[in-house]
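The values are calculated or read from the model by the stated rules, or taken from the named source; none is laboratory data. All figures in this text were calculated on a predicted structure; none of them were measured in a lab. Because the Cβ atoms are built from the backbone with ideal geometry, glycine has one as well, and the counts that use them run over all protein chains shown.
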Amino acid sequence: MNFAKLYIFIFMLTIFTIITSNEVCNYQNDCTCSYCGEESKNYDSCDFINLFCEEGTNILTNTFTNYKNKYLNTFKTERDAETFCGTPKSPIKEDKKETVVIKTGSSYTQGAKIHCNYKITYNNYFNSYKEYNPLMTYEISGEGNNKIKFNLIVIYHSSTEDRTDIFADDELRNNPHYDNVTEYDTVELFLDFKENDYSHYDEVFSVKVKLELKQGETQKGDDSGLNGGGIGGIVGGILGIIIIIGIFAYCCKQEKTYEVKEKSSCVIF
């Protein structure tokens, strides 16, 4: 009788394991799950949150990257996605000023979902924003009854680690989130907006970035490593070199002509 109970227990445990392994991945699930659309190859009903499990610890896997690209290719065809999500802007290097780098629209087609994905780079060959202690702020602004509903998943990338964080709209509506990202090279944001019940929203989601200037610095504008002043200096240097070479070539040519004339005059006389 004990053996029979043991067999039943093993059988039930096996069934539970199979069922668990077929759960669709979600941020709060463990990683014994299936990606949304893995079997059907249809990703229309998926959300970015389905890319993550165990609080996003699977973000370094090849499978994650593969399905991330599949989701992105599907979501970019969503109606109103381009106009609603917008395009990230570069932070402005100006003391005591925040730049709104991301701002969603106020409406999209009623009854539809929208997914937005952004990538903000703070440290690469072309810029050095990371040196200015970038402070990111995620917030919701606006008042009214037509409130936006979404989940926000953020991945912070550096050369040594990747970490994730998740926010619901209510968290940011009550308290904007501030995050110093000096230690990170790139920040990715994934937004899953719920189906729109209204023709117009009274709120917008935005991300602001403040760069702390170095002591004594007053430069304004986009610090992209090769900014206007840098490019002007390079061009000016190149033009200077060209002028010097031209003068040198001209002088050499004149000197050579003079010598020929002198030799010719000696032959005649």
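Among the residues that make up region 58-78, is at least one of them out of contact with any His (no Cβ under 9 Å at 6 or more places or on another chain), on the phi > 0 side of the Ramachandran plot and in a loop (DSSP other than H, G, I, E, B)?
no
So in region 33-57, with the set limited to residues that are surrounded by fewer than 14 Cβ atoms within 10 Å (Cβ to Cβ) and of a type in the set (Ser, Thr, Tyr), which one is nearest to the chain's Cα centre (by Cα)?
Filtering region 33-57 for residues that are surrounded by fewer than 14 Cβ atoms within 10 Å (Cβ to Cβ) and of a type in the set (Ser, Thr, Tyr), the one nearest to the chain's Cα centre (by Cα) comes out as SER45.
ASP95 - would you say it is modelled with pLDDT under 90 and closer than 25 Å to LEU189 by Cβ?
For ASP95, the condition - modelled with pLDDT under 90 and closer than 25 Å to LEU189 by Cβ - is not met.
Within region 58-76, is there a residue that is exposed (fewer than 13 other Cβ atoms within 10 Å of the Cβ), within 21 Å of PHE205 (Cα to Cα) and out of contact with any helix residue (DSSP H, G or I) (no Cβ under 7 Å at 6 or more places or on another chain)?
Yes, region 58-76 contains at least one residue that is exposed (fewer than 13 other Cβ atoms within 10 Å of the Cβ), within 21 Å of PHE205 (Cα to Cα) and out of contact with any helix residue (DSSP H, G or I) (no Cβ under 7 Å at 6 or more places or on another chain).
For every residue, the table says whether it meets (1) surrounded by 14 or more Cβ atoms within 10 Å (Cβ to Cβ); (2) more than 18 Å from TYR108 (Cα to Cα); (3) modelled with pLDDT of 95 or more.
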| site | (1), (2), (3) |
| --- | --- |
| ASN180 | no, yes, yes |
| GLU195 | no, no, no |
| LEU211 | yes, yes, no |
| GLY216 | no, yes, no |
| GLN219 | no, yes, no |
| GLY228 | no, yes, no |
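Condition check ((1) in contact (Cβ under 8 Å) with a residue 24 or more places away in the chain; (2) in a strand (DSSP E or B); (3) over 14 Å from the mean Cα position of the chain (by Cα)) across all residues:
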site: ASP95; (1), (2), (3): yes, no, yes
site: VAL101; (1), (2), (3): yes, yes, no
site: SER107; (1), (2), (3): yes, no, yes
site: ALA112; (1), (2), (3): yes, no, yes
site: ILE120; (1), (2), (3): yes, yes, no
site: ASN124; (1), (2), (3): yes, no, no
site: MET136; (1), (2), (3): yes, yes, no
site: ILE140; (1), (2), (3): yes, yes, yes
site: ILE148; (1), (2), (3): yes, no, yes
